[in-house]
Amino acid sequence: MRRTIFLGPPGAGKGTQAKLLADFCQIPHIATGDLLRAAVANQTKLGKRAQEYMERGDLVPDNLLLGMVAHRLEEPDAANGWVLDGFPRNVVQAEFLEELLGQINQPSDWVIDLEVPDETVIARTLKRGRADDNEVTIRHRLEVYREQTAPLIEYYSQRNHLVSINGDRPVEEVAAALKQAIIT
Ligand code: AMP
(Lines give C-alpha, C1' and ligand atoms only; values in the text may rest on other atoms or scores of the structure.)
Protein backbone atom coordinates (compact mmCIF):
# COMPACT_ATOMS: atom_id res chain seq x y z
CA MET A 1 0.00 0.00 0.00
CA ARG A 2 2.51 2.59 -1.13
CA ARG A 3 0.23 4.75 -3.24
CA THR A 4 -2.86 6.04 -1.49
CA ILE A 5 -5.58 8.43 -2.61
CA PHE A 6 -7.61 10.12 0.12
CA LEU A 7 -11.21 11.16 -0.48
CA GLY A 8 -13.59 12.86 1.93
CA PRO A 9 -15.26 16.23 2.46
CA PRO A 10 -13.16 19.31 3.24
CA GLY A 11 -12.60 19.31 6.99
CA ALA A 12 -12.96 15.54 7.36
CA GLY A 13 -9.47 15.29 8.79
CA LYS A 14 -7.90 14.11 5.52
CA GLY A 15 -4.87 16.34 5.97
CA THR A 16 -4.15 15.05 9.47
CA GLN A 17 -4.67 11.40 8.61
CA ALA A 18 -2.86 11.59 5.28
CA LYS A 19 0.15 13.15 7.02
CA LEU A 20 0.16 10.50 9.76
CA LEU A 21 -0.05 7.72 7.18
CA ALA A 22 2.70 9.25 5.04
CA ASP A 23 5.00 9.62 8.06
CA PHE A 24 4.23 6.05 9.11
CA CYS A 25 5.12 4.74 5.63
CA GLN A 26 7.98 7.27 5.17
CA ILE A 27 6.65 8.57 1.90
CA PRO A 28 5.63 12.10 0.87
CA HIS A 29 2.27 13.60 1.76
CA ILE A 30 1.14 15.44 -1.37
CA ALA A 31 -1.72 17.86 -0.72
CA THR A 32 -2.85 20.00 -3.63
CA GLY A 33 -4.34 22.53 -1.17
CA ASP A 34 -0.88 22.96 0.42
CA LEU A 35 0.81 23.27 -2.98
CA LEU A 36 -1.74 25.88 -4.04
CA ARG A 37 -1.45 27.85 -0.78
CA ALA A 38 2.34 27.91 -1.26
CA ALA A 39 1.83 29.20 -4.80
CA VAL A 40 -0.49 31.92 -3.49
CA ALA A 41 1.97 32.87 -0.72
CA ASN A 42 4.78 33.14 -3.29
CA GLN A 43 2.48 35.00 -5.69
CA THR A 44 3.52 32.79 -8.60
CA LYS A 45 1.57 33.02 -11.84
CA LEU A 46 -0.45 29.97 -10.79
CA GLY A 47 -0.95 31.35 -7.27
CA LYS A 48 -2.27 34.66 -8.55
CA ARG A 49 -4.79 32.92 -10.77
CA ALA A 50 -5.83 30.30 -8.19
CA GLN A 51 -6.36 32.70 -5.30
CA GLU A 52 -9.85 33.98 -6.16
CA TYR A 53 -11.22 30.44 -6.60
CA MET A 54 -9.76 29.33 -3.28
CA GLU A 55 -11.15 32.34 -1.44
CA ARG A 56 -14.64 31.54 -2.75
CA GLY A 57 -14.33 27.84 -1.97
CA ASP A 58 -14.57 26.87 -5.66
CA LEU A 59 -12.32 24.36 -7.33
CA VAL A 60 -9.32 25.84 -9.07
CA PRO A 61 -9.79 25.12 -12.82
CA ASP A 62 -8.23 21.86 -13.98
CA ASN A 63 -6.11 23.50 -16.65
CA LEU A 64 -4.29 25.54 -13.99
CA LEU A 65 -3.59 22.66 -11.67
CA LEU A 66 -3.01 19.43 -13.60
CA GLY A 67 0.53 20.35 -14.65
CA MET A 68 1.45 21.11 -11.05
CA VAL A 69 0.24 17.69 -9.93
CA ALA A 70 2.02 15.85 -12.75
CA HIS A 71 5.22 17.69 -11.95
CA ARG A 72 5.00 16.81 -8.25
CA LEU A 73 4.28 13.12 -8.86
CA GLU A 74 7.25 12.87 -11.20
CA GLU A 75 9.71 14.17 -8.61
CA PRO A 76 12.22 11.57 -7.37
CA ASP A 77 10.87 11.36 -3.80
CA ALA A 78 7.49 10.25 -5.16
CA ALA A 79 8.92 7.20 -6.92
CA ASN A 80 8.67 5.15 -3.76
CA GLY A 81 5.03 5.95 -3.04
CA TRP A 82 2.89 8.84 -1.76
CA VAL A 83 -0.29 9.78 -0.01
CA LEU A 84 -2.38 12.05 -2.21
CA ASP A 85 -4.68 14.42 -0.32
CA GLY A 86 -7.23 16.72 -1.96
CA PHE A 87 -6.68 15.34 -5.46
CA PRO A 88 -8.53 14.21 -7.50
CA ARG A 89 -11.56 16.37 -6.78
CA ASN A 90 -13.60 15.67 -9.93
CA VAL A 91 -13.88 13.05 -12.65
CA VAL A 92 -11.64 14.91 -15.12
CA GLN A 93 -8.88 14.98 -12.52
CA ALA A 94 -9.40 11.29 -11.71
CA GLU A 95 -9.11 10.34 -15.39
CA PHE A 96 -6.03 12.52 -15.77
CA LEU A 97 -4.45 10.88 -12.73
CA GLU A 98 -5.22 7.38 -13.91
CA GLU A 99 -3.59 8.09 -17.24
CA LEU A 100 -0.55 9.75 -15.69
CA LEU A 101 -0.02 6.94 -13.18
CA GLY A 102 -0.36 4.42 -16.00
CA GLN A 103 2.31 6.22 -18.01
CA ILE A 104 4.79 6.26 -15.12
CA ASN A 105 3.82 2.73 -14.18
CA GLN A 106 2.73 3.64 -10.65
CA PRO A 107 -0.97 2.83 -10.34
CA SER A 108 -2.66 3.73 -7.06
CA ASP A 109 -3.00 0.83 -4.64
CA TRP A 110 -6.10 1.93 -2.81
CA VAL A 111 -8.49 4.78 -2.20
CA ILE A 112 -9.61 5.76 1.28
CA ASP A 113 -12.94 7.50 1.74
CA LEU A 114 -13.01 9.29 5.06
CA GLU A 115 -16.67 9.60 6.04
CA VAL A 116 -17.70 12.47 8.29
CA PRO A 117 -21.17 14.10 8.68
CA ASP A 118 -21.61 17.75 7.68
CA GLU A 119 -22.09 19.03 11.25
CA THR A 120 -18.73 17.61 12.31
CA VAL A 121 -17.04 19.03 9.23
CA ILE A 122 -18.41 22.52 9.91
CA ALA A 123 -17.50 22.44 13.61
CA ARG A 124 -13.98 21.18 12.90
CA THR A 125 -13.31 23.59 10.09
CA LEU A 126 -14.46 26.62 12.06
CA LYS A 127 -11.94 25.69 14.75
CA ARG A 128 -9.12 25.41 12.17
CA GLY A 129 -9.30 29.12 11.35
CA ARG A 130 -7.71 29.14 7.87
CA ALA A 131 -8.24 32.19 5.61
CA ASP A 132 -10.98 30.40 3.63
CA ASP A 133 -12.68 28.97 6.74
CA ASN A 134 -15.75 31.14 7.33
CA GLU A 135 -19.12 29.44 7.51
CA VAL A 136 -20.37 30.65 4.10
CA THR A 137 -17.26 29.36 2.32
CA ILE A 138 -17.30 26.10 4.26
CA ARG A 139 -20.89 25.42 3.23
CA HIS A 140 -20.02 26.27 -0.36
CA ARG A 141 -17.03 23.88 -0.28
CA LEU A 142 -19.38 21.16 0.99
CA GLU A 143 -21.75 21.78 -1.93
CA VAL A 144 -18.86 21.65 -4.38
CA TYR A 145 -17.73 18.43 -2.71
CA ARG A 146 -21.15 16.83 -3.03
CA GLU A 147 -21.57 17.83 -6.67
CA GLN A 148 -18.10 17.28 -8.04
CA THR A 149 -16.04 15.14 -5.68
CA ALA A 150 -18.48 12.69 -4.08
CA PRO A 151 -19.18 10.99 -7.46
CA LEU A 152 -15.57 9.77 -7.28
CA ILE A 153 -16.60 7.33 -4.55
CA GLU A 154 -18.65 5.48 -7.15
CA TYR A 155 -15.91 5.97 -9.76
CA TYR A 156 -13.28 4.35 -7.55
CA SER A 157 -15.53 1.66 -6.12
CA GLN A 158 -15.68 0.27 -9.65
CA ARG A 159 -11.95 0.54 -10.36
CA ASN A 160 -9.77 0.43 -7.28
CA HIS A 161 -9.66 -0.97 -3.87
CA LEU A 162 -11.95 1.51 -2.07
CA VAL A 163 -11.99 1.44 1.71
CA SER A 164 -14.46 3.55 3.71
CA ILE A 165 -13.34 4.67 7.14
CA ASN A 166 -15.51 6.35 9.74
CA GLY A 167 -13.73 9.66 10.34
CA ASP A 168 -16.16 10.90 12.98
CA ARG A 169 -14.03 9.83 15.97
CA PRO A 170 -10.87 10.97 17.73
CA VAL A 171 -7.74 11.32 15.58
CA GLU A 172 -5.97 8.33 17.19
CA GLU A 173 -8.93 6.03 16.59
CA VAL A 174 -9.15 6.96 12.91
CA ALA A 175 -5.39 6.51 12.55
CA ALA A 176 -5.59 3.09 14.18
CA ALA A 177 -8.42 2.05 11.85
CA LEU A 178 -6.32 3.13 8.88
CA LYS A 179 -3.29 1.14 9.99
CA GLN A 180 -5.56 -1.85 10.53
CA ALA A 181 -6.91 -1.44 7.01
CA ILE A 182 -3.36 -1.43 5.59
CA ILE A 183 -2.49 -4.78 7.10
CA THR A 184 -5.76 -6.55 6.36
P1 AMP B 1 -7.86 21.93 0.67
O2 AMP B 1 -6.65 22.36 1.44
O3 AMP B 1 -7.69 20.55 0.08
O4 AMP B 1 -9.14 22.07 1.45
O5 AMP B 1 -7.97 22.92 -0.58
C6 AMP B 1 -8.16 24.31 -0.41
C7 AMP B 1 -8.65 24.93 -1.71
O8 AMP B 1 -7.67 24.71 -2.73
C9 AMP B 1 -9.93 24.32 -2.24
O10 AMP B 1 -11.09 24.91 -1.70
C11 AMP B 1 -9.79 24.61 -3.74
O12 AMP B 1 -10.09 25.97 -4.02
C13 AMP B 1 -8.30 24.42 -3.97
N14 AMP B 1 -7.97 23.03 -4.36
C15 AMP B 1 -7.25 22.12 -3.64
N16 AMP B 1 -7.14 20.96 -4.32
C17 AMP B 1 -7.82 21.14 -5.48
C18 AMP B 1 -8.09 20.30 -6.60
N19 AMP B 1 -7.68 19.03 -6.64
N20 AMP B 1 -8.81 20.83 -7.63
C21 AMP B 1 -9.25 22.10 -7.59
N22 AMP B 1 -9.03 22.93 -6.57
C23 AMP B 1 -8.33 22.46 -5.52
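Annotations for the structure displayed:
- Looking across the stretch 29-61, the residues that are under 15 Å from the mean Cα position of the chain (by Cα), at negative phi and either within 11 Å of the ligand (Cβ to nearest atom) or surrounded by fewer than 19 Cβ atoms within 10 Å (Cβ to Cβ) (or both) come down to ILE30, ALA31, THR32, GLY33, ASP34, LEU35, LEU36, ARG37, MET54, ASP58, LEU59, VAL60.
- For the stretch 119-132, a residue qualifies if it is within 18 Å of VAL174 (Cα to Cα), within 15 Å of the ligand (Cβ to nearest atom) and not β-branched (Val, Ile, Thr), and exactly one does: ARG124.
- Yes/no for GLY13 being more than 9 Å from the ligand (Cβ to nearest atom), surrounded by 14 or more Cβ atoms within 10 Å (Cβ to Cβ), modelled with pLDDT under 95 and not aliphatic (A, V, I, L, M): yes
- Enumerated helices (runs of 4 or more DSSP H) restricted to the stretch 132-184, each holding at least 2 residues that are of a type in the set (Val, Ile, Thr) and either at pLDDT 95 or above or surrounded by fewer than 18 Cβ atoms within 10 Å (Cβ to Cβ) (or both): 135-144, 171-183
- Subset of the stretch 100-135 (residues that are free of Cβ contacts under 8 Å to residues at least 60 places away in the same chain and either among the aliphatic types (A, V, I, L, M) or under 19 Å from GLU154 (Cβ atoms) (or both)): LEU100, ILE104, ALA123, LEU126
The values are calculated or read from the model by the stated rules, or taken from the named source; none is laboratory data. Given the structure is predicted, the values throughout are model-derived calculations rather than measurements. Cβ atoms come from the backbone with ideal geometry, glycine included; neighbour counts cover every protein chain shown.
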